[in-house]
Amino acid sequence: MFTATTEISAIPALQDNYIWAIHDGLHAAVVDPGEAGPVLAFLNAHKLQLGAILCTHRHHDHIGGIAKLREVYNVPVYGRRHPNNPHITDDLREGDRLKLAAPSITFDIIEIPGHLDDHIAYLAPEVLFCGDVLFGAGCGRNFEGTPAQLHHSLQRLAQLPDATRIYCAHEYTAANLRFAQACEPDNLAVKQRIAATRQLRAANLPTLPSSIALEKATNPFLRCNQPEIIRTLQQRDLRDTSALGVFTALREWKNRF
């Protein structure tokens, strides 16, 4: 669990990534450091000591800064081992519990394949680091595995408590909401989120963290049983109106949107 003094800060990186820093005033852990420079600058500015690196999956924009960070801080790197991710020192699997001492955090590990096979999420009470599987108003592309796996992974996340804050790895919310509005034009919650997102981005603020409740209200990939979404897809020649059929059609449409 998180202590009262623990904070989570977004470190912008690359084009639209967020590296998440979990810190307590003295120590920090970082999630998915795609580049080292912004992390080193953040640690220096806040006078923090790096204690751990957490990986959700092996894509370069999530691991590209690890080697350089470990030249400065010889810290453990947690994640799911994979031949194409040589940085992992401590392998994590479904059902594992990760306890960090400084900052003091305990995470339960969930395997959520469908974007990549090695993708995991880190779950603490009301806090979820979900990498590229669940985004603000969207989801990751299905690079490995099947649409059924990605759909199942998202359904698992949707069953978390509504208050769970979602720390995903990219600032994609505005673009994803344009797709959500095309899928469900009459969804008032989507319209309200578009306005809120516009205000945040105009002030150069992150649209994250989101919440499970907000995603269930506005994210088409978590709303595959909604009649308006099904009608929209039927106008695009959808035949299979099962939840998986709708999800697969949504993902294929979003790939070209």
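Bear in mind that the values in this text are calculations on the coordinates, not laboratory data. Computed from a predicted structure; not experimentally measured. Neighbour counts are summed over all protein chains in view; Cβ atoms, including those assigned to glycine, are modelled from backbone coordinates with ideal geometry.
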Check your understanding: Karplus couplings for the range 137-145 from phi (6.51 cos²θ - 1.76 cosθ + 1.60, θ = phi - 60°), rounded to Hz, Gly and Pro as x?
Key -> 6, x, 8, x, 6, 8, 7, 10, x
Check your understanding: Relative contact order (percent) for the chain, with alpha-carbon contacts under 8 angstrom and 6 or more residues of separation?
Key -> 14 percent
Check your understanding: What order do you get for Cys183, Cys130 when you list them from fewest to most C-beta neighbours inside 10 Å?
Key -> Cys183, Cys130
Review point. Rounded to the nearest 0.05, what FRET efficiency do Thr89 and Lys47 have when you use their Cβ-Cβ distance and R0 = 25 Å?
Key: 0.45
Study note, to complete from the structure: With N residues in the chain, Rg(alpha-carbon) / (2.2 N^0.38 Å) equals 1.00
Check your understanding: Ranking Asp240, Asp90 by Cβ neighbours within 10 Å, fewest first, what do you get?
Key -> Asp240, Asp90
Point to revise | Estimated 222 nm signal from helices in the chain, with DSSP H stretches of n ≥ 4 weighted -39500 (n - 2.57), rounded to 500 | key: -10000 deg cm²/dmol
Exercise for review: Might you report the magnitude of the Cβ-based charge dipole of the range 135-201 about its Cα centre, with Lys and Arg at +1 and Asp and Glu at -1, to the nearest 20 debye?
Suggested key: 220 debye
Point to revise | Share of pairwise Cα separations in the range 1-104, more than 25 Å, in percent | key: 13 percent
Review point. By how many nm would the segment from Ala203 to Arg239 grow when fully extended, if each residue of separation counts as 0.36 nm and the alpha-carbon distance is taken off?
Key: 8.7 nm
Exercise for review: For each of Ser210, Ser104, count neighbouring Cβ atoms within 10 Å of the residue's Cβ, then give the residues from fewest to most.
Suggested key: Ser104, Ser210
Study note, to complete from the structure: Ranking Ala163, Leu128, Ile8 by how far each Cα lies towards the positive end of the charge dipole of the chain (+1 on Lys and Arg Cβ, -1 on Asp and Glu Cβ), the top one is Ala163
Practice item. Please state the charge dipole magnitude for the chain, taken about the Cα centre, from unit charges on C-beta atoms (+1 on K and R, -1 on D and E), reported in debye and rounded to the nearest 20. Key: 500 debye
Exercise for review: Jot down the radius of gyration and Dmax of the range 59-173, Cα atoms only, both in angstrom.
Suggested key: 14.2, 41
